[in-house]
Amino acid sequence: MRPVDTICGLSRYEYAGDVLKRCLPANNGLVFDVGAGNGMTQAKVLDAGHRWMGFDVNPTDDLVQIWNLSDSCPVREIPDAILLLDVIEHLGDCNLALKNISALAPKNTLLIVTTPNPRWSKARWMALFTGYQTCFQLADLDNGHIFPVWPHVLDFILAKHGFEIFEYATLDGPTRWPSLASINRYPIALASALACKVLEVMDRSACGMSYGVVARKLK
């Protein structure tokens with residue numbers, strides 16, 4: 001897996017919009033937003049100069065079409081870019097989902113994937129003390145988080161389906177120092193933040209609760 005290229009404080013939606021502006025010429029391209037939910041990313045896609053088409057297994061917006069990634073795509077349009085923003089950790093069969101995505105993507109299609117970062121500093125300390133990583137605690141099963149996606153595993157799976165990663169970024173920014181608002185817990189919060197920051201200095205991939213990769217279809 002490639003080293004971290006960028007540490008940024010962007011959310012997944014902001015990151016997707018930024019990548020589209022940088023990597024996809026503003027030529028009214030078609031962007032598939034897979035796992036679109038209520039269509040929150042639509043504005044970012046339009047702002048980048050492209051057309052948006054949203055899909056979700058359980059849409060909460062009339063503009064979003066139903067697509068279960070266990071099945072082939074329900075439309076015949078050909079995308080210039082595909083967004084998978086915090087989707088892959090919900091998939092029971094990641095290989096099948098990416099096979100179906102790859103099947104509709106011609107050469108040079110842009111793929112943007114974001115997911116919770118299992119290398120995040122807080123996730124590592126949480127795993128050490130509780131046995132479970134942040135974002136993949138027992139309670140997170142209610143949110144559908146079933147698959148912690150390590151960067152090297154994502155690289156392997158994407159390559160298997162014809163995509164090559166050319167950018168790896170951590171999102172949401174480094175650990176912030178605690179506020180004095182909760183003065184009674186401040187010493188504990190300060191020690192926790194310091195421990196996280198030490199990890200982040202030692203390993204750039206530990207910065208950020210989420211990470212994103214940008215890949216292109218090779219053929």
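The values are calculated or read from the model by the stated rules, or taken from the named source; none is laboratory data. Quick caveat, the model's predicted, so the values are computed rather than measured. Neighbour counts run over all protein chains shown; Cβ positions are idealised from the backbone, glycine included. For the accessible areas, the whole protein counts, side chains as well, though only heavy atoms, and no ligand, DNA or RNA atoms are used. Shrake-Rupley method; radii C 1.70, N 1.55, O 1.52, S 1.80 Å.
Considering the conditions (1) in a loop (DSSP other than H, G, I, E, B); (2) in contact (Cβ under 8 Å) with a residue 12 or more places away in the chain; (3) closer than 30 Å to residue 192 by Cβ, residue 113 is excluded by exactly one of them, (1). I'd like the full set of residues that are aromatic (Phe, Trp, Tyr) and surrounded by fewer than 17 Cβ atoms within 10 Å (Cβ to Cβ), limited to segment 165-219. Answer for segment 165-219, where residues must be aromatic (Phe, Trp, Tyr) and surrounded by fewer than 17 Cβ atoms within 10 Å (Cβ to Cβ): 166, 177, 186.
Taken over segment 135-147, the criterion of being in a loop (DSSP other than H, G, I, E, B) and either closer than 23 Å to residue 192 by Cα or in contact with a Leu (Cβ under 7 Å, 6 or more places away or on another chain) (or both) is satisfied by 135, 136, 137, 147.
If I filter segment 1-48 down to residues being part of a helix (DSSP H, G or I) and in contact (Cβ under 8 Å) with a residue 40 or more places away in the chain, which single residue comes out as surrounded by the fewest Cβ atoms within 10 Å (Cβ to Cβ)? Top of the filtered list is 23. For segment 49-72, the set of residues classified as closer than 20 Å to residue 144 by Cα and free of Cβ contacts under 8 Å to residues at least 12 places away in the same chain consists of 58, 66, 68, listed by residue number. Counting the residues of segment 57-71 that are assigned to a loop (DSSP other than H, G, I, E, B) and surrounded by 12 or more Cβ atoms within 10 Å (Cβ to Cβ) gives 9. Checked against the criterion of being in contact with a Pro (Cβ under 8 Å, 6 or more places away or on another chain), part of a loop (DSSP other than H, G, I, E, B) and of a type outside the set (Val, Ile, Thr), segment 126-134 has at least one qualifying residue. Among the residues of segment 157-173, is any at pLDDT 90 or above and over 30 Å from residue 219 (Cα atoms)? Within segment 157-173, one or more residues are at pLDDT 90 or above and over 30 Å from residue 219 (Cα atoms).
When you look at residue 51, is it of a type outside the set (Val, Ile, Thr), open to solvent by 70 Å² or more (accessible area, probe 1.4 Å) and at pLDDT 95 or above, yes or no? It is true that residue 51 is of a type outside the set (Val, Ile, Thr), open to solvent by 70 Å² or more (accessible area, probe 1.4 Å) and at pLDDT 95 or above.
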